[in-house]
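Chemist: Can you read through this structure? Questions will come right after.
The values are calculated or read from the model by the stated rules, or taken from the named source; none is laboratory data. Keep in mind the model is a prediction, meaning the values are calculated, not measured. Neighbour counts are summed over all protein chains in view; Cβ atoms, including those assigned to glycine, are modelled from backbone coordinates with ideal geometry.
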Amino acid sequence: MPTHSPQPPPPSRSARTRERILRVSLELFNHQGETNVTTGHIADELNISPGNLYYHFRNKDEIIHHLFAEFEKAMDLSPGEVSDAASAMEDMWLYLHLMFERIWAYRFLYRNLDDLLTRDNKLKSHFNIIIGHKRAEKGSSTAQSAAEAARRPPGGPPRRPRTARDSRGFARHAR
């Protein structure tokens, strides 16, 4: 007899309203630019009173912080290890595609990045953490795996990288 795991309770009305505020804010920020959207615009779009919006979020900056936290979670993606050049290129393409999808979903952050980071030091430090992680990933795993796999003959051991000394010798024999 199959056992059924208990379903989590449905989100409360308050939680659903909060989620709607975040989704509509993200849509408005992306389409109109964060600087052109006020909490009044968000409340009007949702057909709720500004007081109801302020019950869930103190101000627009708090909404931005929640959206940035979602962005930060979405960006926590790293390419995996690969064994051959074809897999490396495919994995890198997928990784880049997923990263650009996430950036596009939160494009308002990049549209006015200087202003957002200048206004908010907490946002700036978290954004710098994301950039640092992505730089560290760039120098590791997939990029290096792809380069190594491309130099390796199919089924063979890794090739020794060519050096300037090897190239001079090759040029002498090629004449």
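Chemist: Residue check: is Glu27 modelled with pLDDT under 95 and either surrounded by 15 or more Cβ atoms within 10 Å (Cβ to Cβ) or within 21 Å of the chain's Cα centre (by Cα) (or both)?
Modeler: So Glu27 does not fit the description; no.
Chemist: Of all residues in region 28-55, which are aromatic (Phe, Trp, Tyr) and within 19 Å of Ser14 (Cα to Cα)?
Modeler: We begin by selecting, within region 28-55, every residue aromatic (Phe, Trp, Tyr); these are 29, 54-55.
Within region 28-55, Tyr54, Tyr55 meet the criteria.
Chemist: Here is a follow-up. Can you tell me which of (1) closer than 29 Å to Asp120 by Cα; (2) free of Cβ contacts under 8 Å to residues at least 40 places away in the same chain is the one Thr35 doesn't meet?
Modeler: (2)
Chemist: For region 87-104, how many residues are farther than 16 Å from Glu137 by Cβ and either free of Cβ contacts under 8 Å to residues at least 60 places away in the same chain or among the charged types (D, E, K, R) (or both)? Quick ask: steps written out before the conclusion?
Modeler: Applying the first criterion (farther than 16 Å from Glu137 by Cβ) to region 87-104 yields 87, 89-90, 101, 104.
Add one more test, that the residue is either free of Cβ contacts under 8 Å to residues at least 60 places away in the same chain or among the charged types (D, E, K, R) (or both), and what stays is 89-90, 101, 104.
The qualifying residues number 4.
Chemist: Is there any pair with a first residue in region 39-55 that is part of a loop (DSSP other than H, G, I, E, B) and a second that is aliphatic (A, V, I, L, M) whose Cβ atoms are under 7 Å apart and which are 6 or more apart or on different chains, and what are they?
Modeler: Every condition considered, the pairs that remain are Ser49/Ala43.
Chemist: With the structure loaded, tell me whether Pro11 is loosely packed, with under 15 Cβ neighbours inside 10 Å, touching an Asp or Glu at 6+ places or on another chain (Cβ under 9 Å) and farther than 29 Å from His133 by Cβ or whether it fails that test. Spell out the reasoning first.
Modeler: Working: loosely packed, with under 15 Cβ neighbours inside 10 Å: yes; touching an Asp or Glu at 6+ places or on another chain (Cβ under 9 Å): yes; farther than 29 Å from His133 by Cβ: yes.
So Pro11 passes the test.
Chemist: Do any residues in region 3-16 that are in contact (Cβ under 8 Å) with a residue 40 or more places away in the chain have Cβ atoms under 8 Å from those of residues that are surrounded by 10 or more Cβ atoms within 10 Å (Cβ to Cβ) and assigned to a helix (DSSP H, G or I), where the two are at least six apart or on different chains, and which pairs are they?
Modeler: Here the result reads Ser14/His56, each pair linking region 3-16 to a residue that is surrounded by 10 or more Cβ atoms within 10 Å (Cβ to Cβ) and assigned to a helix (DSSP H, G or I).
Chemist: With the structure loaded, tell me whether Arg58 is closer than 27 Å to Phe127 by Cα, without any contact (Cβ under 8 Å) to a residue 60 or more places away in the chain, out of contact with any helix residue (DSSP H, G or I) (no Cβ under 7 Å at 6 or more places or on another chain) and not in a helix (DSSP H, G or I) or whether it fails that test. Walk me through it before giving the result.
Modeler: Numbers: closer than 27 Å to Phe127 by Cα: yes; without any contact (Cβ under 8 Å) to a residue 60 or more places away in the chain: yes; out of contact with any helix residue (DSSP H, G or I) (no Cβ under 7 Å at 6 or more places or on another chain): yes; not in a helix (DSSP H, G or I): yes.
Against the criterion (closer than 27 Å to Phe127 by Cα, without any contact (Cβ under 8 Å) to a residue 60 or more places away in the chain, out of contact with any helix residue (DSSP H, G or I) (no Cβ under 7 Å at 6 or more places or on another chain) and not in a helix (DSSP H, G or I)), Arg58 qualifies.
Chemist: Turning to a different aspect of this structure: Please find, within region 71-85, the residue that is modelled with the highest pLDDT out of those that are out of contact with any Asp or Glu (no Cβ under 8 Å at 6 or more places or on another chain) and not in a helix (DSSP H, G or I). Talk me through it step by step, then tell me what you get.
Modeler: Filtering region 71-85 down to residues out of contact with any Asp or Glu (no Cβ under 8 Å at 6 or more places or on another chain) leaves 71-77, 81, 83-85.
When the remaining residues are screened for being not in a helix (DSSP H, G or I), the result is 75-77, 81, 83-84.
On the way: Met75: 89, Asp76: 86, Leu77: 81, Glu81: 71, Ser83: 69, Asp84: 75.
Across region 71-85, the extreme among qualifying residues is Met75.
Chemist: Here's something else I'd like to know. Only residues that are over 26 Å from Ser12 (Cβ atoms), under 12 Å from the mean Cα position of the chain (by Cα) and surrounded by fewer than 12 Cβ atoms within 10 Å (Cβ to Cβ): list them for region 56-107, please.
Modeler: Asp76, His97, Phe100, Glu101, Trp104
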